[in-house]
Amino acid sequence: MKPDWSKWFFIFSAVMIVFSTPSYILADDDFEDEELEELEEELEELEDELEELNEESEEDDEEDRGKDKKDKKKKIEEKIREKQKKIEEQLKEKQQKLEEKKRKQEEKRKDKREKEEEKLKEAQEKKQENFEKTFEKRSESIDKQLENVEKHLEKINEQMEDYFDDLAGDDDAGEEDNETAELKVAETDDEDEDGQSEDTDENEALERDDDENENYNEAMEDRLNSLYGQFGAQKNKLQAAEKNVNNLERWAADRLEDDIYVSELDELRDEIASLREEIAASEERLNDLKNQMKEDAKKDAQEDIEEETGEEESEEEENAGEIDDEDLEIIKKVITETIEEIGYDSPLSQDQIVQITLLVLVEMLTMHQ
């Protein structure tokens, strides 16, 4: 008995169709439609019917096979081929649809991904733009702070130069005043040889000069302290600007790999350092001036003490052998009263003369005390 190869051929074809179908097609929900299920069921029924016919044909002899069975078998095989063909066509169509669907889904995912990337790119660009604007705004604000400090320093330095000019002019004027005062003293000495010149006006003028000098010195000291205060205020502004630079650097830490931002921060720091050096140089000049003024004041005070001491000594020397008019009047009064007590007609004895002399001396001592 020969094996029926047609049976196995159809079974093998059906199996190959199933196994050749991509897994993603079989797994897709759309593949499980009713029409395909019906075809599969019909194919199974035909295969079962064909198998029964083959079993019956195996039981009969080849000679006993009827024509009806052969025709029926042939029809069944034909139906199987048609069913297989339909299944193949439907599988192919389904595969195409699934591939088209997959392609569309892929395109959709691609479009979605591109849109998301575009949104992300736009967000990053917007973020970068905002960062640049904020960085520029804050750096410009710091730059304006430094410009303000620079302008104030120019004005303060001008005030300082005026201050130095005023001091230089006052020194020249002081030398001329000293020369004029010496000439006036010499003229006064020549003018009043008898010691009866009146110098009350001159003393009042000297007192006024002393008061004016004291007020002037106080005003100059106030100007000096004002310069120190103004420089101190500008140093505080520089300290605030440096703090703003450090805050800006911390805020922009994530993007400081860009040389543009790093160089801009370095430029701001260099400008702050330059202004600090300028303030330090100006303050050094003021410190030198202040120290010099202290030395001059100390020297002037010492000279005044020496001058006062010399004047007192010279006055004592001048008054040592002189008796002024008031003393003479007192002496005359004492002598007159003593003579009146003794009597004009009586001659003065040696004891009376000694007594008069002692009274005069006691009166003079009492008066000087």
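The values are calculated or read from the model by the stated rules, or taken from the named source; none is laboratory data. Not measured: the values here are computed from a predicted model. Every residue, glycine as well, gets a Cβ built from its backbone with ideal geometry; the counts of neighbours run over all protein chains shown.
Numbers for the structure displayed
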{"read-out": "Residue tally, condition more than 14 Å from GLU136 (Cα to Cα) and either of a type in the set (Ser, Thr, Tyr) or not in a helix (DSSP H, G or I) (or both), over segment 225-255", "value": "2"}
{"read-out": "Residue match in segment 256-275 (condition: more than 18 Å from the chain's Cα centre (by Cα), in contact (Cβ under 8 Å) with a residue 40 or more places away in the chain, surrounded by 14 or more Cβ atoms within 10 Å (Cβ to Cβ) and part of a helix (DSSP H, G or I))", "value": "no"}
{"read-out": "First in segment 80-101 and assigned by TED's automatic domain parsing to the domain that holds GLU51 and closer than 17 Å to GLU37 by Cβ, second anywhere and polar (S, T, N, Q) and surrounded by 13 or more Cβ atoms within 10 Å (Cβ to Cβ), Cβ under 7 Å, 6 or more apart", "value": "GLN84/SER13; LEU91/THR21"}
{"read-out": "Test result for ASP288, surrounded by 10 or more Cβ atoms within 10 Å (Cβ to Cβ), without any contact (Cβ under 8 Å) to a residue 12 or more places away in the chain and within 16 Å of the chain's Cα centre (by Cα)", "value": "no"}
{"read-out": "Members of segment 135-155 found to be closer than 19 Å to ASN247 by Cβ and either of a type in the set (A, V, I, L, M) or in contact (Cβ under 8 Å) with a residue 12 or more places away in the chain (or both), listed by number", "value": "PHE135, ARG138, SER139, SER141, ILE142, ASP143, GLN145, LEU146, ASN148, VAL149"}
